Every structure is written in structure tokens, then in C-alpha cells.
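Read through the structure below, which is laid out as C-alpha cells, and then see the notes.
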Amino acid sequence: MDKSYQVAVFHGDGIGPEIMVPALEILQLLSACNPDYDLAFTDAPAGASHYAATGEAFPAKSLETARDADAILLSAMGLPDVRYPDGTEISPQIDLRKKLGLFAGVRPVKVSSGQITPLALPEGKEIDFVLIRESTEGLFFTQGAGDVSEDEARETLLITRDVSEKLFRFAFQLAQTRKQSGRGQGRVTCVDKANVFRAFAFFRSIFDAEAARHPDLQADHAYVDATALWMVQKPWEFDVLVTENMFGDILSDLGAGLMGGLGLAPSADIGLDHAVFQPCHGSAPDIAGQGIANPFAMILSAAMMLEWLGLTHKNPALSQDGTRLRAAVEQVLADGTNLTRDLGGTAGTKDAASSVLELLKA
Ligand code: ATP
């Protein structure tokens with residue numbers, strides 16, 4: 001069995017390259033110490049800085065590198081001051097979702113006991129759920145092409161059977177994997193607004209058909225507004241949530257808020273043949289170049305990449321290292337002595353990341 005895996009690396013803009021450096025250092029260490037797999041990295045230049053320097057935002061060669069890779073690691077991208085002539089922002093990460101059919105936006109929300117959260121968690125409760133945001137259609141379908149006249153504006157929401165079936169299949173598979181690893185009850189909740197919109201009743205009916213294929217798992221529904229309430233009131237009850245693009249966009253920031261901010265929120269955009277792993281946050285131009293960005297969302301995204309590679313290539317060594325990496329970040333968070341400013345500490349990017357590296361070496 002070939003145990004060598006190619007990773008395409010998009011270094012990003014603003015704080016992007018600053019947080020990618022320690023993430024790569026950690027992955028290189030894990031790969032060097034583990035005889036059961038080998039990671040090889042190839043840079044894929046793209047993004048706002050690249051556009052400013054070359055006039056090209058996403059070179060064809062970089063897309064090819066991404067297509068050929070086993071996984072894609074992408075740092076924060078885009079700069080508010082660098083735009084296309086029509087005023088829209090440079091966002092190769094969105095191009096990748098469409099070009100590679102990455103329909104499942106996976107946003108884990110995890111708060112271990114001892115970790116700082118704006119909620120007062122009841123004794124013994126931990127938050128550990130995954131929000132899956134459909135990422136190629138929904139209300140983003142007409143993105144950049146809405147119909148706007150002097151007097152009215154229209155955007156179209158698209159829900160297709162094909163993408164919804166893939167999405168729900170993925171959601172139930174994830175719930176199954178989590179249940180097997182002891183991290184969830186094996187429940188998938190379809191988050192929609194089926195009481196008001198026919199499109200969501202359609203979405204829900206496709207969910208129900210998939211749910212019927214998984215008698216060993218639980219399935220239920222929740223309206224999106226109630227879900228926002230419950231994410232604050234009783235987030236420990238969720239396992240896997242699956243929803244439309246715009247609802248998922250909004251709820252995933254609420255999820256990041258539960259974890260204490262964007263600096264701790266990792267994500268993955270997953271399709272049938274490709275997957276991109278990236279932090280939820282943007283390029284934070286307000287703090288770029290100062291060495292103070294929180295690297296943990298990027299590092300946790302790298303951990304998700306290892307777990308996903310392990311699962312898709314049936315290589316447990318990768319999955320175990322992904323879990324070990326996540327646990328190391330959680331330990332640094334619980335310890336609390338080497339945290340960046342967004343988490344109330346004083347550490348710089350390098351020092352915060354070094355704590356994780358040292359734990360892995362130990
Ligand atoms: P985008 O629209 O590209 O997602 P955004 O406008 O939502 O970006 P971000 O770039 O994510 O904004 O930044 C929002 C705020 O969070 C900023 O004040 C930024 O400094 C802070 N922030 C984001 N990421 C980090 C990080 N990794 N470490 C510390 N602060 C961060």
C-alpha cells in the first residue's frame with residue numbers, strides 16, 4: 001500500500017502565511033516520526049497578494065496542484081483592499097468549492113471542560129457537535145449574479161436532489177463514524193425552515209429518505225431559528241447538524257462564538273474526491289505582520305485533514321495522529337499559560353504553536 005500523501009498548500013493572505021508556518025512544521029514533525037505514512041507538500045500560489053503582485057488570482061497550475069493532491073490545506077485568504085475591477089473580493093477558496101464540488105462544509109464545535117467559553121456550562125457538560133453546511137448551492141447559488149434594479153433585488157435559492165442526497169449521505173456517515181469512536185450518540189438533525197418554504201420541505205423530504213436507510217442511527221428535524229436558541233441554551237445535546245448554505249454560514253459563526261472565537265474554529269470543505277481544510281476566520285489584516293495571530297484554528301484544521309486522510313485511505317496511523325494533534329491543542333488550551341491575545345493571553349503565534357509542538361515531541 002502506498003503510504004505517501006500529497007498535500008497542496010495555499011499559504012493565503014494577511015495572517016494566512018503566519019499561521020501556515022507552524023501548522024506545516026507540526027505536520028512535518030508528525031510525518032517524520034511516523035513510519036506508517038509520509039506527507040509531501042506542494043505550494044499552490046493564489047489569493048489577493050498573488051493577484052496584487054501578478055494580476056492573476058488563481059493560476060491554472062495551482063488549481064491543477066489542488067486537483068492532483070490527496071488533500072488541500074488552505075490558510076486564510078482575501079484582503080479587503082485588493083479587489084477585482086468589479087469590486088468583488090478575491091476568494092480562491094470559494095472557487096475551489098465550486099470547481100471541486102465540495103458540497104459539505106464541516107464545522108466542528110468543541111468545548112472541553114476547563115476551556116474558556118462565553119457560556120456557563122453546567123458541571124460535567126462538554127460541547128462536541130459538528131455542523132455541516134451545504135457549500136455549493138442554497139442561497140449562495142446566485143452569489144455575485146443577483147438581479148438588482150432601481151426598485152427591487154432578487155436572489156434565488158437553489159436546492160437540488162443530487163447535492164442534497166450526497167450531503168445527507170455524508171452527514172449520516174459522519175454520525176456513524178463519530179458514534180463508533182464514542183464521540184456522539186449517532187444522531188443527525190436536519191436544520192431548515194420547512195414550515196415556511198417549500199424548498200425546505202423538499203430538502204427535508206430528501207433528508208427523511210436518507211434517514212430511512214440508517215435504522216441504526218437517529219434522525220430528527222429542527223427549525224433554524226430554534227436551533228440558534230438551542231445552540232446557546234443546550235449545545236451539549238447536539239451531535240451532527242446538517243443545513244443549507246446560508247443558514248450554515250450564520251450558525252457556524254455562532255458555533256465559533258461558543259468556542260471562544262474565530263481563532264479556535266477549524267473547518268473542512270469536503271466533496272466526493274477532494275477536500276480542503278482551512279480555518280473559519282479571514283485573513284485578519286488588522287493584526288497581520290505582528291506575529292500575534294492565533295494559530296490554533298489552522299492547526300486544528302490540519303488535525304481534521306489527518307483524520308480525514310486516515311479515514312478515506314484506511315490508514316489508522318494518520319487518524320491517530322490527527323486525534324493526537326487535536327488533543328495536544330486542547331491540552332494547551334486547558335493549561336492556559338501560552339495563549340494568544342484573542343484568548344486573553346499574551347503569547348505570540350510562534351510561542352502558542354511551540355507549546356503544541358513540544359507536547360507532541362514529549
Ligand atoms: P472574512 O470575511 O474573510 O471571513 P472577516 O471580515 O469576517 O473575514 P476576519 O479576518 O476573520 O474577518 O477577522 C475578524 C476579527 O477577528 C478581526 O478583528 C481579526 O483580527 C480577528 N481574528 C481573526 N482571525 C484571528 C486569529 N487567527 N487570531 C486572532 N485574531 C483573529
Per-q log10 I(q)/I(0), region 19-86, q = 0.11, 0.12, 0.16, 0.17 Å⁻¹ (Debye; single scatterer per alpha-carbon; no solvent): -0.36, -0.42, -0.67, -0.74
Charge context of Gly138, other residues only, Cβ under 10 angstrom, K/R +1, D/E -1: -3
Mean accessible surface per residue for region 108-258, computed with a 1.4 Å probe while every protein chain stays in place, in Å²: 49 Å²
Carbon plus sulfur fraction of accessible area for region 39-92, probe 1.4 Å, in percent: 49 percent
log10 of Debye I(q)/I(0), alpha-carbon scatterers only, for region 108-258 at 0.08 Å⁻¹: -0.25
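Ranked from the most accessible area to the least, with a 1.4 Å probe and all protein chains present, what is the order of Leu131, Leu229? Please report the intermediate quantities before stating the final value.
Details: Leu131 0, Leu229 95 Å².
Ranked from most to least accessible, the order is Leu229, Leu131.
Filter Lys314/Lys361; Lys166/Lys193; Lys234/Lys314; Lys193/Lys314; Lys98/Lys179; Lys110/Lys350 down to the pairs with a C-alpha to C-alpha distance above 32 Å, please. Walk me through the intermediate numbers first.
Values: Lys314/Lys361 25 Å; Lys166/Lys193 20 Å; Lys234/Lys314 35 Å; Lys193/Lys314 37 Å; Lys98/Lys179 30 Å; Lys110/Lys350 23 Å.
Distance filter (> 32 Å) returns Lys234/Lys314; Lys193/Lys314.
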Debye log10 I(q)/I(0) at q = 0.12, 0.13 Å⁻¹ for the chain, Cα point scatterers: -0.90, -1.07
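The values are calculated or read from the model by the stated rules, or taken from the named source; none is laboratory data. The structure displayed is predicted, hence computed values, not measured ones. We place every Cβ from the backbone using ideal geometry, glycine too, and count neighbours over all the protein chains shown. Remember, those area values only see protein heavy atoms, side chains included, never the ligands or the DNA or RNA. Shrake-Rupley method; radii C 1.70, N 1.55, O 1.52, S 1.80 Å.
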